[in-house]
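Chemist: Handing you this structure, nothing more for now.
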Amino acid sequence: MPKENIPISNIVFILFVLMSFMSGFSGIIQAAEPIDLLQAGSGEDGLPTGWQPLVFKKIERHTEYKLSEESGRIVIEARSNNAASGLTYPLNLDSRIYQSISWCWKISRTIKKGDVTRKKGDDYAARIYVTFKFNPEDASFWERTKFKTYKLLYGQYPPKGALNYVWANKMKKGDAAPNAYTDRAHMIAIESGSEKVGQWVCEERNLYTDYRQYFGGTPPYITGIAVMTDTDNTGESTTAAYSNLVLKSKP
């Protein structure tokens, strides 16, 4: 059977496609490597590298955060006394790639008056926020109008939605509910009650699955991770610690 002569231009094109594919494939592998959000080192403010304070205009008393080490763990310690503030780590990650989050936490006590259904009870000994990007092109006219107003006031769009993984008091472990202030945030009780107080407890969640379950649709880009221990609504006090906070590909 005679050999078929393949034009050199076709060979070049095939090689180009293969090289492009391999390049893209390599990029996906690199992007899927775990991101450790609590690495050694801190900035001039004593906060862990890459983290920023998250404060609220109408709340004067802020939760105290500091970086420490415990049994080889790098730890964010939180101390809250009738106070509220958090720490946030800005990101811009494809949620189709980074679908999983894992962390360890412990608390000194739960919030006795904590109640997910009431604004006066919207306090948690520990919580992990994951925020998702607002895309105007995917929003309804009403959403675009509302979010545009927010952007004019604050200089940027608010998140499309936020998953809040909390250590609750009254809410049953595994249950979830909209936040008392906004339905753009869902509160999910990963732990509840005092049974494990004082112990390190490690967790893992599938962000992609959780977003689809509580908000519907395909999750947008992940815009940030935050930790927060707050007691301003109940006037109580507690301490918490966060460690081993990692984003990774499918669990």
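The values are calculated or read from the model by the stated rules, or taken from the named source; none is laboratory data. Here the structure is a predicted model, which means the values were calculated and not measured. Heads up, the Cβs are rebuilt from the backbone with ideal geometry, glycines too, and the neighbour counts pull from every protein chain shown.
Chemist: With respect to THR231, determine if the residue is closer than 13 Å to ALA126 by Cα and over 12 Å from the mean Cα position of the chain (by Cα).
Modeler: yes
Chemist: Here's something else I'd like to know. Kindly list, by first and then second residue, each pair from a residue in region 49-76 that is under 19 Å from ASP230 (Cβ atoms) and basic (Lys, Arg) to a residue that is in a strand (DSSP E or B) and modelled with pLDDT under 90, limited to pairs with Cβ atoms under 9 Å and residues at least 6 apart or on different chains.
Modeler: Qualifying pairs under 9 Å: LYS66/SER42.
Chemist: Being under 16 Å from LEU54 (Cβ atoms) and either in contact with a Ser or Thr (Cβ under 6 Å, 6 or more places away or on another chain) or not in a strand (DSSP E or B) (or both) narrows it down to one residue among THR88, THR117, THR110, THR131; which is it?
Modeler: Just a single option satisfies the conditions, and that option is THR131.
Chemist: Residue under question is PRO178, and the condition is that it be touching a residue at least 60 places away in the same chain (Cβ under 8 Å) and farther than 28 Å from ARG79 by Cβ; does it hold?
Modeler: When the stated conditions are applied, PRO178 does not pass them.
Chemist: Looking at the structure I just gave you, is GLU203 under 24 Å from GLN99 (Cα atoms) and either modelled with pLDDT of 95 or more or aliphatic (A, V, I, L, M) (or both)? Working first, answer last.
Modeler: Working: under 24 Å from GLN99 (Cα atoms): yes; either modelled with pLDDT of 95 or more or aliphatic (A, V, I, L, M) (or both): yes.
It is true that GLU203 is under 24 Å from GLN99 (Cα atoms) and either modelled with pLDDT of 95 or more or aliphatic (A, V, I, L, M) (or both).
Chemist: Check off (1) farther than 18 Å from PRO178 by Cα; (2) modelled with pLDDT of 90 or more; (3) more than 14 Å from the chain's Cα centre (by Cα); (4) not aliphatic (A, V, I, L, M) for TRP103 and give me the number that stays unchecked.
Modeler: So the condition that TRP103 fails would be (3).
Chemist: Among the residues of region 208-219, are any out of contact with any strand residue (DSSP E or B) (no Cβ under 9 Å at 6 or more places or on another chain), of a type in the set (Ser, Thr, Tyr) and not in a loop (DSSP other than H, G, I, E, B)?
Modeler: There is at least one residue in region 208-219 that is out of contact with any strand residue (DSSP E or B) (no Cβ under 9 Å at 6 or more places or on another chain), of a type in the set (Ser, Thr, Tyr) and not in a loop (DSSP other than H, G, I, E, B).
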